[in-house]
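Working notes, beginning with the structure itself.
Derivation of every value follows stated rules applied to the coordinates shown; laboratory data play no part. Just so we're clear, the structure is a prediction, and the values are computed from it rather than from any experiment. We place every Cβ from the backbone using ideal geometry, glycine too, and count neighbours over all the protein chains shown.
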Amino acid sequence: MRRLVLGVFCLVMTGFLPAVAQPRATITMGVITLVSSAPAYIAAEKGYFREAGLEVQIEPIETTGNAMPLLASDRMQILVGGVSAAYWNALANNLPVIMAFDSASSPVYVDILLRPDLVEKISSAADLKTRTVAVTAPGAIPVYQLAKLLQTGHLSLGDVNLKYMPMPQMTVALANSAVDAALMAPPLNAMAVQKKAAVHWQDLDDVIRPQPMELAVYTANSDWVKQRGDDARKLFLALGRAARDYCQAYHGGPNRAEVEDIMVKYKVAPNRALLDKMPWQARDPNGRINLASIEDIQELFFATGMAKKKFAGTRLVDGSFADYVAAKLGPFALVNSDSKKAGCRAP
């Protein structure tokens with residue numbers, strides 16, 4: 001027996017026994033299923049998470065505001081979705097959250113849809129006064145977008161009737177005349193128009209400044225980032241690879257069909273025909289967040305009472321992951337150099 005133990009010891013020391021596989025780090029990511037969330041599914045489908053030694057569980061969420069308690073309590077380590085006043089209120093309560101990576105920025109192709117029977121009656125932001133407008137939730141990024149548009153008509157949020165509902169329900173609300181207008185993102189806005197429940201009216205990229213506007217971000221549990229920094233860097237590097245795949249497809253690169261197939265598989269959109277017709281939301285290929293946009297959103301949320309406190313930029317955004325991705329992956333260059341589309345380009 002002693003000889004057997006010594007023999008096994010020698011084999012281990014000399015490397016002849018196979019190494020014991022290390023367990024993969026498990027990360028739970030809450031994701032709103034929109035076109036801008038596609039890189040999370042691309043990274044899962046193409047094995048980028050697995051190659052990084054990570055086990056990532058993607059769970060659907062309706063809004064980042066509703067899911068913020070799950071992030072703050074470490075039941076989720078990452079949220080992917082719209083910028084929300086809930087983030088500022090979490091910071092005000094000293095909860096461990098931090099914006100870490102861009103998920104969608106201008107052009108975002110979020111527009112206001114109108115009921116078809118109102119096209120001749122609403123021609124400017126001023127015409128929205130007293131109208132019922134659907135947005136996803138109190139303090140959600142569409143509320144900021146709507147407020148910026150209303151300012152062009154010398155109106156405020158108090159001049160319209162806000163109706164809160166999940167974005168998938170807005171098509172039915174428009175079709176039933178329960179709302180007059182709705183702020184919707186791809187692919188749901190394109191699907192509503194396709195069903196003739198609504199018409200495109202106002203592209204919000206035309207009126208919102210500063211640009212690029214941050215629509216959606218990856219928000220991380222900052223305690224998890226501190227404790228598992230290596231896993232966090234691996235995660236965002238995998239997401240950065242997927243974001244670059246997305247951007248190549250966004251610009252009509254040779255991987256367009258592959259990325260569309262992944263989006264259809266994960267129910268981002270019902271079919272490739274719709275994805276071919278509709279605009280996709282842009283993003284920074286390295287995941288950089290435009291701090292000027294985040295600070296402008298902060299100003300409006302604070303001025304309207306949706307956010308309790310304001311914070312310095314260094315407390316709002318951790319730019320280290322975008323720096324890491326840029327350094328690891330190198331300069332981003334389009335395969336389809338003939339593309340004239342804005343967004344999804346290196347700065």
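Quick look at the numbers
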quantity	calculated
Global geometry of the stretch 202-347, whether rounded, prolate or oblate, following the gyration tensor of its Cα atoms and the 1.5 cut on a/c	oblate
Cβ-based net charge around Met191, under 15 Å, with every Lys or Arg adding one and every Asp or Glu removing one	+3
Descending semi-axes in whole angstrom, ellipsoid equivalent of the stretch 201-266, from the Cα gyration tensor	27, 22, 10
Options Ile112, Ala190, Leu162, ranked by Cα towards positive dipole end of the stretch 111-206, top entry (Cβ charges)	Leu162
Two-decimal Rg/Rh across the chain, once Rg and the Kirkwood Rh are taken from alpha-carbon atoms	1.05
The chain, relative contact order in percent, only Cα pairs under 8 angstrom and at least six apart counted	25 percent
Built amide H within the under 5 Å cut-off of Val31, gap 5+	Glu59, Ile61, Val80
Ratio Rg/Rh [Cα only; Rh per Kirkwood] for the stretch 111-206	0.91
Contact order relative to length of the stretch 111-206, as percent, for alpha carbon pairs under 8 angstrom and 6 or more apart	47 percent
Cα pair distances in the stretch 36-131, grouped into 5 Å bins until the bin that holds the longest one, percent each	2, 10, 16, 16, 14, 13, 11, 8, 6, 3, 1, 0
Relative packing of peptides 133-143, 53-63, 287-297 - highest average C-beta neighbours within 10 Å first	133-143, 287-297, 53-63
Fully extended contour minus Cα-Cα distance, from Ser337 to Glu258, at 0.36 nm per residue	26.5 nm
³J(HN,Hα), Karplus 6.51/-1.76/1.60, whole Hz, each residue of the stretch 31-42, x for Gly, Pro	10, 7, 7, 9, 4, 5, 8, 3, x, 4, 6, 4
